[in-house]
1. At what distance in nm do the modelled label points of A:Ala110 and C:Leu114 sit from each other, each positioned 7 Å from its Cα along Cα→Cβ?
2. Please give the average number of partner chain Cβ atoms lying within 10 Å of the Cβ of each residue in B:240-252, rounded to a whole number.
3. Label the range C:42-89 by shape, choosing from rounded, prolate and oblate, from the square roots a ≥ b ≥ c of the eigenvalues of the Cα gyration tensor; if a/c is under 1.5 it is rounded, and otherwise prolate applies when a/b is larger than b/c, oblate when it is not.
4. Tell me, Kirkwood radius of the protein assembly as shown from alpha-carbon pair distances, in Å?
5. Which of the three applies to chain A, rounded, prolate or oblate, going by the alpha-carbon gyration tensor with a ≥ b ≥ c and a/c under 1.5 meaning rounded?
6. For the pair B:Asp251/C:Arg344, report the inter-label distance in nm, with labels modelled 7 Å from Cα in the Cβ direction.
7. Under 5 Å between amide hydrogens, which residues at least 5 positions from B:Leu27 or on another chain qualify, with H placed 1.01 Å from N in the peptide plane?
8. Write out the trypsin sites (Lys or Arg not before Pro) in the range C:36-87 meeting two conditions: DSSP loop, and at most 11 other Cβ atoms within 10 Å of their Cβ.
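Each reported figure results from applying straightforward, stated rules to the coordinates on display, with no laboratory input. A quick note: this is a predicted structure, and the numbers were derived from the prediction, not measured. FYI the Cβ positions are ideal-geometry reconstructions off the backbone, even for glycines, and counts take in every protein chain you see.
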Amino acid sequence: MKQHTKRFSNFVNNNAVLIVLLLLVVFFGFSNKTFLKPNNLINITSQMSINVIIATGITFVIITGGIDISVGSVAAFAGIFSTFVAKLFPGISVVEGLAIQIASALLIGAICGLFNGIMVGYLKVVPMIATLAMMNIARGLAYVVTNGQPVYGLSNNFSWIGAGRIIETERFPLGILPNNAIFTVIIVLLMHLLLTTTVFGRHVYAVGSNEAVAYLSGVNVKKIKVLTYMISSILAALGGVCIASKLNNGQPGSAEGYEMYAIAATVLGGTSLSGGKGSVARAVIGASIIAIINNGMNLLQISSYWQKVITGVIILVAVLFDNLQRERKIKTSVK
Amino acid sequence: MKKFFIVLLVVCFVLAGALSVYAEEELTVGFIVGSREHVFYNLIEKSIMETCEELGIEPLVYDGELDANVQSNHIQNLISMEVDAIALATVDAGGVAPAIEAAQKAGIPVFTFDSPASTSKDIICHAGTDNVEGGRLGAKEVLRLLKPGQTCAMIGNPASSSVLDRQKGFEEVMNDQKDVEYAFFGNYQGDANVAFSLMEDWLTQDPDLGAVFCAGDPACTGALGAIKAANAKTLIVGFDGNPEAISAIEDVENDGKYWVSEISQNPALIGKTICEQILKYLTTGKVDSELIPIDPFIITAETLKK
Amino acid sequence: MSNNCVLSLSNISKSFPGVKALSNVSLDFRKGEVHAIVGENGAGKSTLMKIVSGVYIPDSGTITIDNEEVSFKKPREALEKGVSIIHQELNIAKDLTVAENIYLGEEIRLKGFLPLIDRKRMEQLSENILEKMGVKMDIRRVSDELTASEQQLIEIAKVINRNSKIIIMDEPTSSLSEAEIQVLFKIIDQLKRQGITIIYISHRMKEIFEICDRVTILRDGNLIKTMNIKDTNEKEVVANMIGRTITSYYDKTTRHTQKNEMLRVEDLTIDGVFENISFTLYEGEILGLSGLVGSKRTDVLECIFGVRKPDKGKVFIRGEEVTIRNPREAHAYKIGFVTEDRRRTGLMLDQSVLANLVLPSLNHHKNRIGIVDSKWEGQTTKDYIEKIGIKTPGTFSIIRNLSGGNQQKVILSRWLAANSDILLLDEPTRGIDVNSKAEFYKIMNTFVSNGGGIIMVSSEMPEILGVADRIIVMREGKMKGELDSENATELKIIELASFD
């Protein structure tokens, strides 16, 4: 019996965040009849996908012990850029649209990430400051190139990735799977494999756990840092083109403050801001929690003011619980 | 070395003084727009620049960044530059009141446009959209578009006073209706992507939602995306009258099927009016009226054809 | 119980989940004695000291200070009763001056209601304290610039200033050189004469027999016995610690060095740090680098490993001149480096044993698209755990939870797994217990007898004499001499290391 309770408490301790997620689902499922409808669940996957992509990227940086607060601005800039390019070719097909979106994201993401990475890795600028600079630069450029006006009048084909769905059935004439959710799953899987199975992934953890050890073990610390910032920016940019595609419109002011959602998702999942710990899967769980809170509260018609307060409190509680666990573990390990 | 810098500093001051004397031949007016990150203010700014050029006023335009503190700083700078008049689109009426008072004490007349400085006294003239009226118009458009038995919704932003006015006007009309249900109200926080999610969530709850009043064009953009993605038939009544709205409404085969109506402000007229009133005041000491409401008007595919 | 008993522990027990750390320990400390506590890692020394200093609350048992029963709930309460602890890892605020550090937490305030600090008075009083200790030090210096031993002196000054009756010193000599240890011993002697009780925790037998009055031996959480130093000898103490008699500490088999050159440095110089270092490491030998702390031995190793750039000089690997610009290039020449500070530069504390062990080898065990050969790493880790005798619950256990000796074995395995044939070891056995040390030397010996070469920096005289084939002595960044293991003695080394 004792064994049982112990195992149960262990399970609770190790999966606190997952349990919070389940509780939320149960709570909203009972309090609103729409919440568990297939259509709404499809909506949630589509709504969370952008935050998931951005949080996945930022996870790499956070594991190295850094931070990237430029992701929201980079997303907006890349989104604007993709609509700008798309505007040059009026009659684009779905495939061409996708090509433009991915190419824009790779280009803008790589440039912004390279800048951040060089600042942090080679010039030893504090990550917060380097990415703060980038945050302003990218946001500013988004306004400069658009002159502050949205870019509109794009072909409907441009919105395939952001708003389209596949597998149309009789019950679901719109399609079951949102394209951006599929896209997100592919990215998350690739990034998960990159982080867990490759030498690069191991080096990312090593840099975050102990930079000196990584360096002495022959890890090219600077290169790893540059690459993580590039991944963060490229994924942010992919998120940004998804937003632009979803809205079929380029908004220079979009994704404002999304860095905070992404960081919240990552930390909520249990990735430590001091580096060395975390995973893509955890970021996904964190992002799901945030998306479910927002969706559930929208359905319950809770005022957006309270939504903010509640989101904040849930983040705080989850993270505090996590810290408590960690402290207990460390205490038992000190003999 | 120190001496050299002092000399340099003195020279700079003298030069600056000389330049400002030189500049005084023309009337200089400081304008503070709400935010350069909003199309609406950009259009007002454009109109201000053009009108000033015409009237022979030298405009100094600053970005208020939707921040009362920033606006106050701009006002203080303008006071020390001894401009002939200051015109601003207030962000927070109470927040800029002390700065406005300081300007008035320095003998600089203060004008407002777009949103009024309701807590300040002695504002010479205000020219701006009647947002409450705009909200009423929006409600009327929604009622016109609804089929019997359908519900309607509004996407607003309680953080902005002008949007709150629109909501007031909208609800005023809606509350008088007994047979129409006004079911949802959401806050899009100025973010089109948030408006998208709001709309998406509502449509799962009520796929037959008849019409939505979006108190800002970014909200329309988001709502439009969600409606198209959900293949719903909900109609959009927008507010602002920005170019993207006009382009969408014109596109009757596609976006215009949903985004059918727009309550348009008239940024060009707001800019023009305030400039004209300033010049009138500075030359004759009088204005046409203390409050010049610039009425919003309705744009639909039909009105555009004309 | 005699009257001069200051601190008395009776029936102290403490358990942690799964471990009985202390069981029924009863022990008296007398006024003005230096009392050594010895035991292998995990014997319960640190737990006992943490209980005495108020970090842990015992599960049962009582603590009596000056015939008054006390129960500490936090370290602060212990401090107020006159119990201070000087940790192995020094708690010095690096950006503060000597005086500020001595008064850290006890700052003297200027009269008046403003929270201002009376810097002048603090400096004056600090000077007095240091003078009493017989130490000369500029009290306005920033602590960051001080050597490890100077920082330790500050710690001692700090506890003296707090009128401590009982001072616990945890491995106080682990970062000190011989000469500095003598200074410390003089101070301990002084403190003793002032009636202060010192609880001295150390692995070093020689020191214990030099300075202590009594010794208490702990094993597996039990008190084995307390003896007067006069009535015992090193062998007996060690035997009691590990529960059996060991014949030889150092497993030194006579090696026939084949005179195959592995590594040669010529005139290696970093301006202002060390100059003109030249030596050769041959296949199958352990080359010791001896000297006082601050003689820049670590810097020489770092320079060879590519961490620091030399201003002058050449490095040859197997006769070929090479330039090593960073650790990555050092690996290419099969050099491995075990650093002196395990926690800071040796371990990824929150990662698994496996992750710590395979890190440098990963680049050689991946496929075309960069995926790690997980079969290889799992097998290799298991192999080393077995071969080296690393005590760990599994390959994925977090390394923080291993004992110091086992952590050090993982670090060594890291370089063995990377196929290194030259190992640079910097104080490799610092702070690990006797048994682990003996095992560690065995591994080193196997490594060199298989054709490897080791350069070992050590400040422990018996160790370097017992392990190294040749010893190079450095002083203040210069080479002062080379000794063969046959005719090297402690005296000779100290002479070279400290006098002209």
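1. Taking the two extended label points, one gets 6.0 nm.
2. 2
3. Because a/c hits 1.5 or more and a/b fails to exceed b/c, the range C:42-89 counts as oblate.
4. About 35.2 Å, per the Kirkwood formula over Cα pairs.
5. oblate
6. Rounded to a tenth, the inter-label distance reads 6.2 nm.
7. Counting only residues 5 or more places away or on other chains, the set is B:Glu58.
8. Sparse-neighbourhood loop trypsin sites (Lys or Arg not before Pro): C:Lys73.
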